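Worksheet: the structure to be examined is printed underneath.
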Amino acid sequence: MSDTMRLVPAPLEISFAPADEQADAYEREYQRLSETDEDPIGQWLKIAKARGETKESDPVLLHLIVELHRKVDQLTQIVKNEEPRRLELPFGGDIESIGFEYFRLKEPQLTPKTRYYGRISMPLFPKRDMGVWFDAIDDRLAKIVRLHERDEKEWSSYVAARERVMIREMKGKSL
């Protein structure tokens, strides 16, 4: 991640809490939200790819089958009344804009120079929550200090996609 701060509008939601309240519990959830623990079918697919067992498979079809398997797992959890274990995060709201290392909340809710743990609902395929550690710069601006590797890649891709949307909108207004 770089140190430049360029923010673009993004319609995301976040739940968060000061990290010092339950730092160990938040760290455990952060680790559970990692690719390894949250997505066993994804891990299986990675291992199968590493072994070369998917060489002759259509990658798009394989991805769709894996997503169907995840949906069946989700439906099974609902039927069995099993919810994924998530900690209660007392604060939350809308993110107004994002950058590669920063985001800004719509409403002032942060205490400057405080570390927070949060979950951002990402509108990606597949839709999921992303664990994030961040420091408050002011009452609305936050700097991301820790993401899982997969989340960092998806975050960067999402920021770039939002920048492209903004550029298209600006070009449309100037015509």
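The values are calculated or read from the model by the stated rules, or taken from the named source; none is laboratory data. Bear in mind that the values here come from a model prediction, so they are computed numbers and not experimental data. A quick note on method: Cβ atoms are made from the backbone with ideal geometry, for glycine too, and the neighbour counts reach across all protein chains shown.
Data overview
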read-out	value
In the range 122-134, the residues that are more than 16 Å from residue 91 (Cα to Cα) and either in a helix (DSSP H, G or I) or more than 10 Å from the chain's Cα centre (by Cα) (or both)	125, 126
Test for residue 89: is it closer than 21 Å to residue 25 by Cα, part of a loop (DSSP other than H, G, I, E, B) and over 16 Å from the mean Cα position of the chain (by Cα)	no
Scan of the range 100-121 for residues that are closer than 14 Å to residue 89 by Cα and in a loop (DSSP other than H, G, I, E, B), ordered by number	109, 110
Residue in the range 135-147 that is within 15 Å of the chain's Cα centre (by Cα), in a helix (DSSP H, G or I) and either at pLDDT 90 or above or over 23 Å from residue 89 (Cβ atoms) (or both) present	no
Cross-chain or 6+ apart pairs with Cβ under 6 Å, the range 136-148 first and over 16 Å from residue 15 (Cα atoms), then surrounded by fewer than 18 Cβ atoms within 10 Å (Cβ to Cβ) and at pLDDT below 95	148/34
Scope the range 114-129; condition at pLDDT below 95 and out of contact with any Leu (no Cβ under 7 Å at 6 or more places or on another chain); matching residues	122, 123, 124, 125, 126, 127, 128
Criterion violated by residue 159 - all others in (1) in contact with a strand residue (DSSP E or B) (Cβ under 9 Å, 6 or more places away or on another chain); (2) over 18 Å from residue 26 (Cβ atoms); (3) outside any helix (DSSP H, G or I); (4) among the β-branched types (Val, Ile, Thr) satisfied	(3)
Any hit, the range 116-129, residues being closer than 19 Å to residue 163 by Cβ, without any contact (Cβ under 8 Å) to a residue 40 or more places away in the chain and surrounded by fewer than 17 Cβ atoms within 10 Å (Cβ to Cβ)	yes
Criterion (under 15 Å from the mean Cα position of the chain (by Cα), surrounded by 12 or more Cβ atoms within 10 Å (Cβ to Cβ) and not in a strand (DSSP E or B)) met by exactly one of 43, 77, 31	31
The listed residue being more than 18 Å from residue 10 (Cα to Cα) and among the basic types (Lys, Arg), out of 115, 128	115
Selection count where residues are touching a helix residue (DSSP H, G or I) at 6+ places or on another chain (Cβ under 8 Å) and among the hydroxyl-bearing types (Ser, Thr, Tyr), scope the range 86-120	1
Answer residue from the range 80-94, given it is more than 20 Å from residue 34 (Cβ to Cβ) and touching a Lys or Arg at 6+ places or on another chain (Cβ under 7 Å) and is surrounded by the most Cβ atoms within 10 Å (Cβ to Cβ) among those	93
